[in-house]
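> Below is the structure I would like to discuss, written out as structure tokens.
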Amino acid sequence: MRAAFVGAVAFSERCLGVLVNLPIDICLVITTDEKASRKHADFANLEPLAERHCIPVIKARDANAPQVLARIAASGADIVFVLGWSQLLKPDFLALPPKGCIGSHPALLPRNRGRHPIVWALAEGLSETGLSFFYLDDGVDSGDIVWQGKCLISGDDDAASLYRKIEDLAEQGLREFIPLLAQDRAARCPQQHELATYWRKREEEDGHIDWSLPAEQIHNLVRALARPYVGAHAMRSGQKLLVWKSRLQRNCAKSDCPRPGEVIDVTADGILVGTGTAPLLLREVEVNGRCGPLAPGDILE
């Protein structure tokens with residue numbers, strides 16, 4: 001079975017690295033160009049991997065462009081894997097490969113369809129998530145499921161560690177269902193659409209820390225937006241600060257907080273800041289050079 005591959009991020013690179021060693025012929029890789037790559041915090045250049053395996057590569061900002069469709073058709077691909085590509089694909093693309101298109105979503109479909117599922121899972125304090133491989137259709141994450149696996153979210157997980165867990169699930173899933181797919185024996189399970197829930201697109205304002213919220217909720221936001229994403233942020237004297245890591249203080253109470261957003265103490269362990277419930281320790285803060293270092297009594301907004 002011949003397959004084309006579409007992707008542009010670290011998850012894509014991990015999946016492509018698995019696929020080239022499975023019983024399937026990757027005959028074309030479609031990825032983004034340098035300018036479009038800037039919108040991906042986790043961008044990965046797929047060219048070196050493709051070149052090592054003598055796979056032709058084309059770069060495109062729009063996977064639905066006629067020239068891209070023409071290259072897929074000319075490649076003779078039976079199926080297309082779309083793994084780590086944020087653009088919705090139009091009917092002409094989806095109808096092109098005779099065996100369809102397979103995508104992935106880092107959630108347990110039909111729940112948590114939509115945008116930024118890794119970020120929202122952490123921000124909402126979920127204890128479990130997963131990965132679904134499914135056939136793409138004209139809906140949003142609504143196609144028949146080919147494979148699905150679960151993973152736990154620990155209190156120590158942040159965006160980077162959960163991303164790696166999702167990558168590990170992807171490798172497991174591909175190794176399990178690709179041999180069956182090549183033999184036309186892979187499962188194809190329709191989703192229960194009545195159970196579907198949706199995450200909305202994350203906006204920049206969603207990353208602004210509201211210090212009046214409970215410490216745990218702020219900590220979850222910091223975990224959610226940690227690298228490779230954009231970081232949770234706060235303001236001081238009109239300048240933006242990025243908060244990359246935090247830690248809950250289990251033995252602290254609200255009475256230990258002078259006021260939400262006030263810096264209580266600065267130590268070698270981090271910066272202790274008041275919240276709506278208890279102090280939160282900020283373990284890594286990126287401060288604009290014009291602001292100078294944080295000090296007790298500073299107010300974060």
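The values are calculated or read from the model by the stated rules, or taken from the named source; none is laboratory data. Worth saying up front: this structure is predicted, and the values here are computed from it rather than measured. A quick note on method: Cβ atoms are made from the backbone with ideal geometry, for glycine too, and the neighbour counts reach across all protein chains shown. The accessibility values were calculated without ligands, DNA or RNA, using every heavy atom of the protein model including side chains. Shrake-Rupley method; radii C 1.70, N 1.55, O 1.52, S 1.80 Å.
> Charges only on Cβ, +1 for Lys and Arg, -1 for Asp and Glu: so what's the dipole of segment 58-171 about the Cα centre, in debye to the nearest 20?
Here segment 58-171 has a charge dipole of around 340 debye.
> Ok, one more. Assuming a viscosity of 0.890 mPa s and a temperature of 25 °C, what translational diffusion coefficient in µm² per second does Stokes-Einstein assign to segment 42-180, Rh being the Kirkwood radius over Cα pairs?
This corresponds to a translational diffusion coefficient of 150 µm²/s.
> Here is a further query. Output the peptides 60-69, 144-153, 183-192 sorted from most to least packed, where packing is the average of other Cβ atoms within 10 Å over each peptide's residues.
Ranking, from highest mean packing down: 144-153, 60-69, 183-192.
> Now for a different question. Provide Rg and Dmax in Å for segment 155-301, with only Cα atoms included in the calculation.
Radius of gyration, then largest Cα-Cα span, for segment 155-301: 20.3, 66 Å.
> In bins 10 Å wide, starting from 0, what share of all Cα pairs of segment 155-216 does each bin hold, as a percent?
Bin by bin from 0 Å, the calculated values are 14, 23, 35, 19, 8, 1.
> Ok, one more. May I ask for log10 I(q)/I(0) of the chain at q = 0.07, 0.08 Å⁻¹, from a Debye sum over the Cα atoms as equal point scatterers with solvent left out?
-0.33, -0.42
> Something else about it: Please compute, for the alpha-carbon atoms of segment 200-273, the extent along each of the three principal axes and give them in descending order in Å.
Taking the Cα atoms of segment 200-273, the three principal extents are 36, 27, 24 Å.
> Running a GNM on the chain with Cα contacts under 10 Å, which residue among L174, L241, L195 ends up with the highest mean-square fluctuation?
Taking springs between Cα atoms under 10 Å, the residue moving most is L195.
> Just for the Cα atoms in segment 104-194, what are the lengths along the principal axes, largest first, rounded to whole Å?
So the extents along the principal axes, rounded to whole Å, are 40, 29, 16.
> What angle, in degrees between 0 and 90 and rounded to the nearest 10, separates the Cα long axis of helix 10-19 from the longest principal axis of the Cα atoms of the chain?
The angle comes out at about 30 degrees.
> Could I ask something else about it? Where only protein heavy atoms count, and the probe is 1.4 Å, what is the accessible area per residue for the chain in Å²?
On a per-residue basis, 47 Å².
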